[in-house]
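Structure, as structure tokens:
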Amino acid sequence: MRTDLTTSTSTSTSAAAAVAAVAAVRNLGILAHVDAGKTTVTERVLFLTGAVHKRGEVHEGTTVTDFDPQERDRGITIFAAAVSCRWDGHLLNLIDTPGHVDFADEVERSLRVLDGAVAVFDAVAGVEPQSESVWRQADRHGVPRIAFVNKMDRPGADLDAAVASIREKLHPAPLAVQLPIGREGAFTGVVDLVGMRALTWPDGAAPGEGCQVGDVPEEFAQEAGRRRQALAEAVAELHPAALEEYCATGTLTPGALTDALRRLTGSGQAVVVLCGAAYRDRGVEPLLDAVTAYLPSPLDVPPVRGEFDGAPQERAADPEQPFSALVFKVTASTTGRLVGLRIYSGTLRKGDTVLDARTGRTERIGRILRVQADRHTETDTATAGDIVAVVGPKGARAGATLCDPRAPLVLEPAVAADPVVTVAVEARRSADTDRLAAALARLTEEDPSLVAGTDPEGGRRTLSGLGELHLEVAVEKLRRAGLEVAVGRPRVAYRETLAAAVTGLVLRHVKQDGGSGQFAHIVVDVAPLGEPGADGFEFRSTVTGGRVPPEFVQAVEAGCRDALADGPLGHPVTGVRVTLTDGATHVKDSSDLAFRTAGRLALREALRRGGPLLLEPVAEVTATVPPESVGGVLGDLSARRGRVHGSAPRGGGAVLTATVPLAELFGYAGALRGRTQGRGTFTTRPAGYAPAPRAQQR
């Protein structure tokens, strides 16, 4: 009896310890516009937590997360890199994501497996175009965020202006919890408005020495008190429990304020804003404290949802639940495959057999690795909440679900973006043709937003991606693998839509060639889905009286979707609404196949009658140029068929925004440098599709 009690107590204690370990995990990403300083922030986090013993610098090519040779050569983050570190009893699994729009798919797949994020902003520029794009990506995934306004030591840095831009462009309730001490080059610390204390980093302090904690300086006391009261009022307006305390006492205690900020962050009702200068090691410790205080653990987010055989299922972040994990990254090489996993439930052990739920194939886990960018440490087990890499699964792809074979589950994967640019790729030596095919297969395995294909006209191999830089990086990887390749001029991915609505189109599909025949009779209205360039497809049925049974309605929709793959001009179709208004069936010859065929033929006929309209991809361009170059740059944008939206002064220069066809932006980087004597920069982000000029329509 005594032994049983001891065993029961031991098991209970072990389970409690496992749950406590999960509660101490923070899975977070670093999100930002290119050059906002997120890789520097990541590097300082690793240094301060003791994960590395020497600070890496982007300009020196010595950072941990930008380990790929191309990242170091170009000075930008290209591939999402995972690292782990510990701070104040918490395990931080951190993913440094790219900031360039061409690598947005890396951000998408990372956000799919994260519980929180730190959005980094430039204290001078505020919210920049790609900042807004990655923020919207995080919105779609419901990822809670805190904001870090970086580069407070730069001329023109302004925390209040950055907070205002966050409020205007991203979120209605940014809550600044710090007051800067000093401006621009004299920035030396912050006042913590929650605890009402000063955190300073004196000039000349050794890197990693840490901040000095003291009383609020007298010259900042009044302003800090005013802002502390404003923060308490803003939190009380958003949080009922905080409102009760505020009404009773007229203020909020640090504990109550911290708890309310954590709940508001987790629900997405508010965004905590901090500031610092990561390059000078200022503001990173309070940022780490905010990560552990405000961002959720795997236990704080809802159980992951999936399905199997049409039945919805949920799995909590419990090491004792059946194992389930989502593959978010695959690194394929000639020496093996590393499969990056986010474990949502259960425990994974070295040597376990798991099920790839989408393919039905079982895989054996050969090794489990804790990841530190390009370095790995082997471990025997990983549990719920962990982000690890495994060796063994040969068929798993990004987006695959690996689970316990006795409890199958399919988790929703991240959706890869559609490619918009294509180049022809040929091996210069015929002996390398097979090697090129294998290398392209590895590229698309690692990056699902790359698509390898064959040109239907010339029969050459093609590679499609999200932008010119995206393809440049992919081709350079081929060359660094020892392949000599020739690359054609980039071509954009066109779409087409319906020019004019077609109503009352009757399609009668009858086929009789012995045995069971095919019969389907449908009447459809087909119309553009909004303005030309609108994306998507919409199908609905207004049939009454059971004239077309529900299963045949679904078949008509499937047939219409089949027709979207290739329109009259030879491009995918988008921006179309189909309404099934009437139809008829045959007691014997009607079938799913017949109505699917009728749906396909009906949409094709509607596109022929209404006339196809060619659409081309367009991008929003934000160019920062010196004042004397504004006229020349505007003229060049107009010559590229750009529509200029505005011009605003910033830091002694001007920021121009315009919408430009993507096809006109090839080589724009060189043209801008030439017109601005190398001082101009620009960024782009997708802005959908717009009608192409009449000359291209023919």
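The values are calculated or read from the model by the stated rules, or taken from the named source; none is laboratory data. From a predicted model like this one, the values you see are computed outputs, not experimental measurements. Don't worry about glycine lacking a Cβ; one is built from the backbone with ideal geometry, like all the others, and counts go over all protein chains shown. To get the accessible areas, we keep the full protein, side chains included, count just its heavy atoms, and leave off ligands, DNA and RNA. Shrake-Rupley method; radii C 1.70, N 1.55, O 1.52, S 1.80 Å.
Would you be able to tell me the number of residues in the stretch 421-435 that are of a type in the set (Ser, Thr, Tyr) and touching a residue at least 12 places away in the same chain (Cβ under 8 Å)?
Number of matching residues: 1.
Can you confirm whether ALA671 is open to solvent by less than 40 Å² (accessible area, probe 1.4 Å), out of contact with any strand residue (DSSP E or B) (no Cβ under 9 Å at 6 or more places or on another chain) and in contact (Cβ under 8 Å) with a residue 12 or more places away in the chain?
yes
Wholly within the stretch 583-661, which strands (runs of 3 or more DSSP E) include no fewer than the required count, namely at least 3 residues that are touching a Gly at 6+ places or on another chain (Cβ under 7 Å)?
Ranges flagged: 612-625, 653-661.
More than 24 Å from GLU496 (Cα to Cα), more than 30 Å from the chain's Cα centre (by Cα) and among the basic types (Lys, Arg): is that true of ARG650 in this structure?
no
Look through the stretch 103-127, keep the residues that are assigned to a loop (DSSP other than H, G, I, E, B) and within 19 Å of VAL655 (Cβ to Cβ), and return whichever of them is most open to solvent (accessible area, probe 1.4 Å).
Here the answer is VAL124.
So GLU237 fits all but one of (1) open to solvent by 50 Å² or more (accessible area, probe 1.4 Å); (2) among the acidic types (Asp, Glu); (3) touching a strand residue (DSSP E or B) at 6+ places or on another chain (Cβ under 8 Å); what number is the exception?
(3)
Every residue in the stretch 361-381 that is part of a loop (DSSP other than H, G, I, E, B) and buried (at least 18 other Cβ atoms within 10 Å of the Cβ), please.
ILE365, ALA373
This table checks each residue for (1) crowded, with 16+ Cβ neighbours inside 10 Å; (2) touching a residue at least 60 places away in the same chain (Cβ under 8 Å); (3) outside any loop (DSSP other than H, G, I, E, B); (4) in contact with a Ser or Thr (Cβ under 7 Å, 6 or more places away or on another chain).
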position: SER516; (1), (2), (3), (4): no, yes, no, no
position: ALA520; (1), (2), (3), (4): yes, yes, yes, yes
position: GLY530; (1), (2), (3), (4): no, no, no, no
position: VAL556; (1), (2), (3), (4): yes, no, yes, no
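When you scan the stretch 418-449, how many residues do you find that are of a type in the set (Ser, Thr, Tyr) and open to solvent by less than 20 Å² (accessible area, probe 1.4 Å)?
Qualifying residue count, the stretch 418-449: 1.
Limited to the stretch 561-581, what total is found for residues that are within 14 Å of GLY599 (Cβ to Cβ) and either aliphatic (A, V, I, L, M) or over 30 Å from the mean Cα position of the chain (by Cα) (or both)?
Qualifying residue count, the stretch 561-581: 9.
State yes or no: is GLY399 farther than 26 Å from VAL64 by Cβ, assigned to a strand (DSSP E or B) and small (Gly, Ala, Ser)?
In short, no.
Just to be sure before I move on: is ALA384 touching a helix residue (DSSP H, G or I) at 6+ places or on another chain (Cβ under 6 Å), at pLDDT below 95, crowded, with 19+ Cβ neighbours inside 10 Å and among the aliphatic types (A, V, I, L, M) in the structure I sent?
yes
Across the stretch 528-538, what is the number of residues that are farther than 19 Å from ASP562 by Cβ and in contact with a strand residue (DSSP E or B) (Cβ under 8 Å, 6 or more places away or on another chain)?
4
Any residue in the stretch 391-420 that is hydroxyl-bearing (Ser, Thr, Tyr) sitting within a Cβ distance under 9 Å of a residue that is buried (at least 20 other Cβ atoms within 10 Å of the Cβ) and in a loop (DSSP other than H, G, I, E, B)? List the pairs, counting only those 6 or more apart or interchain.
From the stretch 391-420, the pairs are THR401/ALA357; THR401/LEU409.
Output the residue which, of all residues in the stretch 621-637 that are free of Cβ contacts under 8 Å to residues at least 40 places away in the same chain and within 25 Å of GLU132 (Cα to Cα), is most open to solvent (accessible area, probe 1.4 Å).
Within the stretch 621-637, the match that is most open to solvent (accessible area, probe 1.4 Å) is LEU634.
Consider the stretch 128-165. How many of its residues are aliphatic (A, V, I, L, M) and either surrounded by fewer than 24 Cβ atoms within 10 Å (Cβ to Cβ) or within 12 Å of the chain's Cα centre (by Cα) (or both)?
Residues meeting the conditions: 8.
Which residue pairs have Cβ atoms closer than 9 Å, lie 6 or more positions apart in sequence or on different chains, and pair a first residue in the stretch 578-594 that is over 16 Å from VAL506 (Cβ atoms) and among the acidic types (Asp, Glu) with a second residue that is open to solvent by less than 20 Å² (accessible area, probe 1.4 Å) and outside any loop (DSSP other than H, G, I, E, B)?
Correct list of pairs: ASP589/ALA520; ASP592/ALA555.
For (1) surrounded by 14 or more Cβ atoms within 10 Å (Cβ to Cβ); (2) in contact with a helix residue (DSSP H, G or I) (Cβ under 9 Å, 6 or more places away or on another chain); (3) closer than 19 Å to LEU48 by Cβ, each residue gets a yes or a no:
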site	(1), (2), (3)
PRO180	yes, yes, no
ALA186	no, no, no
LEU193	yes, yes, no
MET196	yes, yes, no
CYS211	yes, yes, yes
GLY214	no, no, no
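Specify the residue that is surrounded by the fewest Cβ atoms within 10 Å (Cβ to Cβ); the eligible residues are those in the stretch 311-337 that are at pLDDT below 90 and aliphatic (A, V, I, L, M).
ALA311
So how many residues does the stretch 128-161 have that are without any contact (Cβ under 8 Å) to a residue 60 or more places away in the chain and either among the aliphatic types (A, V, I, L, M) or on the phi > 0 side of the Ramachandran plot (or both)?
2
Picking from GLY37, GLY89, GLY116, GLY75, which residue would you name as being under 30 Å from THR624 (Cα atoms) and touching a helix residue (DSSP H, G or I) at 6+ places or on another chain (Cβ under 9 Å)?
On inspection, the qualifying residue turns out to be GLY37.
Are there helices (runs of 4 or more DSSP H) fully within the stretch 205-311 with at least 1 residues that are closer than 24 Å to HIS90 by Cβ? List them.
In the stretch 205-311, the matching helices (runs of 4 or more DSSP H) lie at 218-238, 254-267, 284-294.
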